[in-house]
1. Restrict the check to the range 50-66 and report whether at least one residue is in a strand (DSSP E or B), at pLDDT below 95, farther than 27 Å from Glu192 by Cβ and open to solvent by less than 80 Å² (accessible area, probe 1.4 Å).
2. Which pairs turn up if I take residues in the range 220-246 that are within 19 Å of Ala186 (Cβ to Cβ) and look for partners that are within 13 Å of the ligand (Cβ to nearest atom) and of a type in the set (S, T, N, Q) with beta carbon separation below 6 Å, at least 6 apart in sequence or on another chain?
3. Of all residues being under 17 Å from Gly113 (Cα atoms) and outside any helix (DSSP H, G or I) in the range 225-255, which is nearest to the ligand (Cβ to nearest atom)? Just the residue, please.
4. State whether the residues of the range 67-83 include one that is within 14 Å of the ligand (Cβ to nearest atom) and surrounded by 12 or more Cβ atoms within 10 Å (Cβ to Cβ).
5. Let me confirm something: among Ser171, Ser157, which residue is within 30 Å of Gln40 (Cα to Cα), among the small types (Gly, Ala, Ser) and open to solvent by less than 50 Å² (accessible area, probe 1.4 Å)?
6. Got a sec? Which of Gly113, Gly156, Gly124 is more than 18 Å from Ala245 (Cβ to Cβ) and more than 16 Å from the ligand (Cβ to nearest atom)?
7. Working only within the range 2-48, note down all residues that are on the phi > 0 side of the Ramachandran plot and either free of Cβ contacts under 8 Å to residues at least 24 places away in the same chain or buried (at least 24 other Cβ atoms within 10 Å of the Cβ) (or both).
8. Which of the residues belonging to the range 225-276 are open to solvent by 40 Å² or more (accessible area, probe 1.4 Å), within 26 Å of Leu211 (Cβ to Cβ) and β-branched (Val, Ile, Thr)?
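The values are calculated or read from the model by the stated rules, or taken from the named source; none is laboratory data. Predicted model only: the values in this text are computed from it and were never measured. Cβ atoms come from the backbone with ideal geometry, glycine included; neighbour counts cover every protein chain shown. All accessible areas refer to the heavy atoms of the entire protein, side chains included, with ligands and DNA or RNA removed. Shrake-Rupley method; radii C 1.70, N 1.55, O 1.52, S 1.80 Å.
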Amino acid sequence: MQRKVTKAIFPVAGLGTRFLPATKSIPKEIMTLVDRPLIQYAIDEAREAGITEFIFVTSRGKGALEDYFDHAPQLEFELLKKGKTELLEILKNTNMDSGAIAYIRQHKALGLGHAVWCARRLIGNEPFAVILPDDVISAKESCLKQMVQAYNEVGGSMVAAMEVPRDKTSSYGILEVGQQHENLLAINGMVEKPPQGDAPSNLAVIGRYILTPSIFAHIEKQKIGVGREIQLTDAIANEIALGQAVNGFQFEGKRFDCGTKAGFLQATISFALARNDLRDELADYLQELVSVSNAAQ
Ligand code: G1P
């Protein structure tokens, strides 16, 4: 029986430069897909997986994230007065129990490995999850929940894995894969953003991890890696080299890369089309756009 995974780290310290000028004054994680901020999708996924403690690794200028998860007494009072119970219900998802959420600052932008390491004292001696909010995964059962279920059976560490086109491998952590058993892959090695042509496979790490606290010692010893950052991938690779069991988990669901504009737009359209209140109007509009562009060709 594995120890239960109840804590998750959300690295949210990035500057979000790809979305400037929007991210000049709002954190990237507050940008909305339809009407929910990116971070809400990550939190909902974690909750569905049984996470009860949420650790945000933040940086300067991320105050809006703290406000987002705070109670808003005046707003709630106004909605109550106007009888807007549906909106009050929606707001409930943004509320956190006192003590369930913690914010830690990453004082220097030293990379994902370093961001995770910043939360070491709050994690203590337990397995924990890491969720990168840029990777939004739409699935019947949340991706992290699928992983936690698999982890409860096999233990070790686990990373979400997905096939990517060969010409995109240099944008990801790439897995060197051993034996496969259903959607679990034994991982023999990992390399962060390998140069074009050097990737050991086309299986990429997607931003969901279940790690054991032994990772912190590896991050501490970690040399600066690709992009002059301390990479989580390198620390996990070192653990594998020393015999730690790490599995890749091929999840069921559709992943959107909301760290890019194209991915963000695709997610927006896809989530809007999944909504009863928006589907028909949007589908008609998209149809109209396609006919106009076909006619112009
Ligand atoms: C991070 C990880 C990378 C992983 C990717 C998934 O990279 O370092 O291993 O494949 O997330 O989205 P980033 O996209 O933050 O550069």
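1. Checked the range 50-66: no residue is in a strand (DSSP E or B), at pLDDT below 95, farther than 27 Å from Glu192 by Cβ and open to solvent by less than 80 Å² (accessible area, probe 1.4 Å).
2. As it stands, the answer is Ala235/Gln222, since those pairs meet every condition given.
3. This residue is Gln231.
4. Residues of the range 67-83 within 14 Å of the ligand (Cβ to nearest atom): none.
The answer is no, given that none of the residues of the range 67-83 is within 14 Å of the ligand (Cβ to nearest atom) and surrounded by 12 or more Cβ atoms within 10 Å (Cβ to Cβ).
5. Residue meeting the stated conditions: Ser157.
6. Values: Gly113 fails: more than 16 Å from the ligand (Cβ to nearest atom); Gly156 fails: more than 18 Å from Ala245 (Cβ to Cβ).
Gly124 is the lone residue from the list that is more than 18 Å from Ala245 (Cβ to Cβ) and more than 16 Å from the ligand (Cβ to nearest atom).
7. If we filter the range 2-48 for residues that are on the phi > 0 side of the Ramachandran plot, which is where we start, we get 16, 34.
If the condition is that a residue be on the phi > 0 side of the Ramachandran plot and either free of Cβ contacts under 8 Å to residues at least 24 places away in the same chain or buried (at least 24 other Cβ atoms within 10 Å of the Cβ) (or both), then Gly16 is the only one that fits.
8. Result: Val226, Thr260.
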